[in-house]
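I have placed the structure first, in the form of structure tokens, so that the comments after it can refer back to it.
The values are calculated or read from the model by the stated rules, or taken from the named source; none is laboratory data. Since we're looking at a predicted model, the values are computed, not measured. Because the Cβ atoms are built from the backbone with ideal geometry, glycine has one as well, and the counts that use them run over all protein chains shown. Only protein heavy atoms, including side chains, enter the accessible area calculation; ligands, DNA and RNA are left aside. Shrake-Rupley method; radii C 1.70, N 1.55, O 1.52, S 1.80 Å.
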Amino acid sequence: MTDPSGYVRVREKGSRDVSYPPAPEPLAVTVYDNHTHLEIEDGEGLPLVEHLARAAAAGVGGVVQAGGDIESSRWSAWAAANHPGVLAAVAIHPNEAPAYAAQGRLAEAIAVIDDLAAQPRVRAIGETGLDFFRTGEEGLPAQFESFEAHIALAKKHDLAMQIHDRDAHDAVLETLERVGAPERTVFHCFSGDADMARLAADRGYWLSFAGNVTFKNAQNLRDAFAVTPLDRVLIETDAPFLTPVPLRGRPNAPYLVPLTVRFLAQERGLDLDEFCARIAANTLEVYGSFS
């Protein structure tokens, strides 16, 4: 097998400002970025060790590095095995599942995820789920097949599960109810409204909020956060995407987590240190220790 450490993806730059923003004021109480894609090079790019050093200096004590296909999942598992402060999530992304199925390789791909999931610093199956935005009707059977297989893997290995849900809220919730959700189920980059947030929290799921909660057109996310019990809240970057306002469009990274955390604390009038401690406790409950 090819050494996974050299794997990299490159994000299209376009006309964006692709310089990394200055570091925000660090948090006094450590939190964790529970979903990031540090194998993606954006702008001038940062080495993994630099990402982790900047994060630590900002009060972000660790990251969950998420995979979405065979290659990025292998890289995520390698990063977690070789770098303190990194845990891994491994999966076939719902938008990748139809392509594997068309090649007759979906079962093979899921078997790779099964093998990776046995590694001790792989702590989640993700990101998996359903995406009705990018995938047409012809790809939906493969998405459902893959999603249900990943649910089974999370249960088999007693791992958390990170859900990608885009324009598929009802179908995702129905599938979890029908098949039976893993004990620790996280809606990565939660995209629903307040009603969905209440329902998800009532079912014991965690809701992970990313930098897009700061966007002007994201009132639904702020409404959702307003009704989410604090013991169900997680924080993520989804880096290099979804950089918080006022830096939207520039490369995102775990060291920018404080921007989203401070924004959310202000939204609900929360004490910042207490909110950080709650986020940290939730993250450790879902994924275990980062050390």
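Over the stretch 77-209, what relative contact order in percent results from Cα pairs under 8 Å that are six or more residues apart?
22 percent
Mind listing P(r) for the chain? All alpha-carbon pairs, 10 Å bins, whole percents.
Pairs per bin, as whole percents: 7, 31, 38, 21, 3, 0.
Which value does Rg/Rh take for the stretch 146-237 over its C-alpha atoms, Rh per Kirkwood?
That ratio equals 0.96.
Pop a pseudo-label 7 angstrom from the Cα along the beta-carbon direction at both residue 19 and residue 291 and give the gap in nm to one decimal.
With each label placed 7 Å out from Cα toward Cβ, I get 3.8 nm.
So for the stretch 210-257, taking the charge dipole from beta-carbon charges (+1 Lys/Arg, -1 Asp/Glu), which of 247, 225, 211 sits furthest toward the positive end?
247
Could you check how much of the accessible area of the stretch 197-262 is carbon and sulfur, as a whole percent, using a 1.4 Å probe?
Heavy-atom surface of the stretch 197-262 belonging to carbon and sulfur, 1.4 Å probe: 53 percent.
So for each of 179-189, 281-291 I average, over its residues, the number of other beta carbons within 10 Å; can you give me the resulting order with the highest mean first?
With the highest mean Cβ count within 10 Å placed first, the list reads 179-189, 281-291.
What value, in deg cm²/dmol to 500, does the helix sum -39500 (n - 2.57) over DSSP H runs of n ≥ 4 give at 222 nm once divided by the residues of the chain?
My calculation for the chain gives -12000 deg cm²/dmol from helical runs alone.
Kindly write out, for the stretch 84-92 in residue order, the coupling ³J(HN,Hα) from the Karplus curve 6.51 cos²θ - 1.76 cosθ + 1.60 (θ = phi - 60°), rounded to whole Hz, with x marking Gly and Pro.
x, x, 10, 10, 10, 10, 10, 5, 9
Give the shape of the stretch 26-88 as rounded, prolate or oblate, defined through the alpha-carbon gyration tensor: a ≥ b ≥ c are the square roots of its eigenvalues, a/c under 1.5 means rounded, and otherwise the shape is prolate if a/b is larger than b/c and oblate if not.
Prolate.
Would you please put 162-175, 19-32 in order of how densely packed they are, using the mean number of other Cβ atoms within 10 angstrom per residue and starting with the highest?
Result, highest mean Cβ count within 10 Å first: 162-175, 19-32.
Mind listing the long-range amide H neighbours of residue 235? Cut-off is under 5 Å, sequence gap 5 or more, other chains count too, H placed in the peptide plane at 1.01 Å from N.
34, 209
So if I place +1 on the C-beta of Lys and Arg and -1 on the C-beta of Asp and Glu, and nothing else carries charge, what would the dipole magnitude of the stretch 1-63 be about its Cα centre? I want it in debye, nearest 20.
Around 80 debye, computed over the stretch 1-63.
Under a 1.4 angstrom probe, counting protein chains only, how are 216, 13 ranked by accessible area, largest first?
Ranked list, largest accessible area first: 216, 13.
If you take the square roots of the eigenvalues of the alpha-carbon gyration tensor of the stretch 116-187 and sort them as a ≥ b ≥ c, do you get rounded (a/c under 1.5), prolate (a/b over b/c) or oblate?
Prolate is the answer for the stretch 116-187, as a/c is 1.5 or above and a/b outweighs b/c.
Residue-wise, which Karplus ³J(HN,Hα) couplings in Hz belong to the stretch 176-186, taking 6.51 cos²θ - 1.76 cosθ + 1.60, θ = phi - 60°, and x for glycine or proline?
4, 5, 6, 7, x, 6, x, 4, 10, 10, 10
Projected onto the charge dipole of the chain (+1 at Lys/Arg Cβ, -1 at Asp/Glu Cβ, origin at the Cα centre), which of 180, 117, 36 gives the Cα projection farthest towards the positive end?
Going by the charge dipole, the pick is 36.
Compare the peptides 199-210, 48-59 by average per-residue count of other Cβ atoms within 10 angstrom and give them in order, highest first.
Top to bottom by mean Cβ count within 10 Å: 199-210, 48-59.
With viscosity set to 1.306 mPa s and temperature to 10 °C, compute the Stokes-Einstein D of the stretch 36-182, Rh being the Kirkwood radius across alpha carbon pairs; µm²/s, no decimals.
It diffuses with D of about 102 µm²/s by this estimate.
Restricting to DSSP loop positions (anything but H, G, I, E, B) with no more than 13 other Cβ atoms inside 10 Å of their own Cβ, which trypsin sites (Lys or Arg not before Pro) remain in the stretch 234-277?
Here the sparse-neighbourhood loop sites are 268.
Would you mind telling me the share, in percent, of accessible area of the stretch 1-149 contributed by carbon and sulfur at probe 1.4 angstrom?
It is 53 percent, rounded to a whole number.
Quick one: what are the phi-derived ³J(HN,Hα) couplings along the stretch 144-160, Karplus 6.51/-1.76/1.60 with θ = phi - 60°, whole Hz, x for glycine and proline?
Rounded to whole hertz, the list is 5, 4, 5, 4, 5, 5, 5, 4, 5, 5, 4, 5, 4, 9, 6, 10, 5.
When every alpha-carbon pair in the stretch 1-114 is counted, what percent end up more than 17 Å apart?
Beyond 17 Å sits 60 percent of the P(r) for the stretch 1-114.
Using Cα pairs under 8 angstrom and six or more residues apart, how large is the relative contact order of the chain, in percent?
Once divided by the residue count of the chain, the mean separation gives 21 percent.
Dipole magnitude of the stretch 225-291 about its Cα centre, charges +1 at Lys/Arg Cβ and -1 at Asp/Glu Cβ only, in debye to the nearest 20?
That gives a dipole near 260 debye.
Could you pull the Rg and Dmax for the stretch 244-291, using just the Cα atoms, both in Å?
Taking only Cα atoms of the stretch 244-291, I get Rg and Dmax of 12.5, 33 Å.
Enumerate the amide H contacts of residue 125 below 5 Å, restricted to partners 5 or more residues apart or on another chain; note that Pro and chain-start residues carry no placed amide H.
90, 160, 161, 162
Among 171, 144, 161, which residue has its Cα furthest toward the positive end of the charge dipole of the stretch 88-198, with +1 on Lys/Arg Cβ and -1 on Asp/Glu Cβ?
So the residue we want is 161.
Can you bin every Cα-Cα distance in the stretch 201-291 into 10 Å intervals starting at zero and give me the percent of pairs per bin, rounded to whole numbers?
For the stretch 201-291, the pair-distance distribution reads 16, 50, 30, 3.
About the Cα centre of the chain, how large is the charge dipole given +1 on each Lys and Arg Cβ and -1 on each Asp and Glu Cβ? Please answer in debye to the nearest 20.
520 debye
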